[in-house]
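Notes to accompany the following structure.
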Amino acid sequence: MLKPDCFGCLFAWGLAVGALYFLVKKDIRGALVVGLAVLSHWFLDLIVHVADLPLTPFGDTRVGFGLWNHVALTLLLEGLIFFIGLYYYTSTTTAKNRIGSWGLWSLVTLLILFTLSGLFTPPPTGPLMNLFLSFNTLLAIIVALAYWVDANRVKA
C-alpha cells in the first residue's frame with residue numbers, strides 16, 4: 001500500500017510542486033523554496049510524530065521523535081515556528097490595501113484558533129471520519145484565504 005506521508009513520496013511531491021510553480025511563475029528561486037517547503041513538512045513531522053512516519057512508500061521502517069507526547073513543548077515549538085514565519089512574512093511584505101492588512105491578521109487569528117481547537121477535539125476515527133472531510137474542506141478554505149491575502153500584499 002502506498003504511504004503518502006513517506007519521505008520519498010514528499011520528495012517526489014516537492015519536485016512536482018516546485019516544477020509546477022516554475023512552469024507557472026518562471027521563477028527558479030521561488031520554485032526551489034516551494035519544493036523545499038513541501039519536503040520540509042516531513043522533517044517537521046519527524047520531530048512531532050511518534051514512530052509512525054514511513055521512510056519509503058513500500059518499506060516497514062517507521063520513524064518519529066514523539067514530541068506530541070509532550071503537549072506544552074509541542075505548542076511552544078510549533079508556536080515559535082509559526083511566529084518566526086509570521087515575523088519574516090510581515091517584515092518582507094506590506095499590505096496594498098485593507099485585505100492585505102486586516103485579512104492577514106484575521107487569517108493569523110483563525111490559524112491560532114484552529115490550532116488551539118485541536119487540543120480539545122479527538123482525532124477522527126470510524127464514524128467520525130466525516131470530520132476528516134470537514135477538516136480537509138477547512139484546510140482548502142484556509143489555503144484559498146492565504147492566497148487571497150498574499151495577493152493583496154507586495155514585497156517590502
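The values are calculated or read from the model by the stated rules, or taken from the named source; none is laboratory data. For clarity, every value in this text was computed on a predicted model and none was experimentally measured. Glycine gets a Cβ as well: all are built from the backbone with ideal geometry, and neighbour counts include every protein chain shown.
Do we have Asp27 as acidic (Asp, Glu) and either out of contact with any helix residue (DSSP H, G or I) (no Cβ under 8 Å at 6 or more places or on another chain) or assigned by TED's automatic domain parsing to the domain that holds Leu113 (or both) here? Taking the combined requirement at face value, the residue does not satisfy it. Within the option set Thr109, Thr90, being surrounded by 12 or more Cβ atoms within 10 Å (Cβ to Cβ) and either acidic (Asp, Glu) or modelled with pLDDT of 85 or more (or both) holds for one residue only, Thr90. Residues of the stretch 12-37 that are under 18 Å from Tyr89 (Cβ atoms) and surrounded by 17 or more Cβ atoms within 10 Å (Cβ to Cβ): Tyr21, Val34. In the stretch 50-73, the qualifying residues are those that are of a type in the set (Gly, Ala, Ser) and in contact with a strand residue (DSSP E or B) (Cβ under 6 Å, 6 or more places away or on another chain), and the one that is surrounded by the fewest Cβ atoms within 10 Å (Cβ to Cβ) is Ala51. Of everything in the stretch 147-156, what is aliphatic (A, V, I, L, M), within 14 Å of Arg98 (Cα to Cα) and surrounded by fewer than 15 Cβ atoms within 10 Å (Cβ to Cβ)? Give them in sequence order. Selection gives Ala151, Val154. State whether one or more residues within the stretch 86-98 are in a loop (DSSP other than H, G, I, E, B) and in the same structural domain as Gly14 (by TED's automatic domain parsing). Checking the stretch 86-98: not a single residue is in a loop (DSSP other than H, G, I, E, B) and in the same structural domain as Gly14 (by TED's automatic domain parsing).
Being of a type in the set (Gly, Ala, Ser) and modelled with pLDDT under 85 is a property that Gly103 lacks. When Leu36, Leu44 are checked against the criterion of being within 13 Å of the chain's Cα centre (by Cα), at pLDDT below 90 and not assigned by TED's automatic domain parsing to the domain that holds Leu75, Leu44 stands alone in meeting it. Flag not set for Val17, criterion: closer than 27 Å to Leu75 by Cβ, within 18 Å of the chain's Cα centre (by Cα) and modelled with pLDDT of 90 or more. Assess whether Leu76 counts as being modelled with pLDDT of 90 or more, surrounded by 13 or more Cβ atoms within 10 Å (Cβ to Cβ) and not assigned by TED's automatic domain parsing to the domain that holds Asp45. No: the conditions fail for Leu76. Mind checking whether some residue in the stretch 51-67 is modelled with pLDDT of 90 or more, part of a helix (DSSP H, G or I) and either over 14 Å from the mean Cα position of the chain (by Cα) or outside the structural domain of Phe11 (by TED's automatic domain parsing) (or both)? So far as the stretch 51-67 goes, yes, one or more of its residues are modelled with pLDDT of 90 or more, part of a helix (DSSP H, G or I) and either over 14 Å from the mean Cα position of the chain (by Cα) or outside the structural domain of Phe11 (by TED's automatic domain parsing) (or both).
I want to confirm something. Restricting to the stretch 99-124 and keeping residues that are of a type outside the set (Val, Ile, Thr) and not in a helix (DSSP H, G or I), which single residue is farthest from Ile84 (Cα to Cα)? Result: Pro124.
Of the candidates Ala31, Ala19, Ala37, Ala72, the single residue that is more than 28 Å from Val149 (Cα to Cα), without any contact (Cβ under 8 Å) to a residue 40 or more places away in the chain and either not in a helix (DSSP H, G or I) or not aromatic (Phe, Trp, Tyr) (or both) is Ala72.
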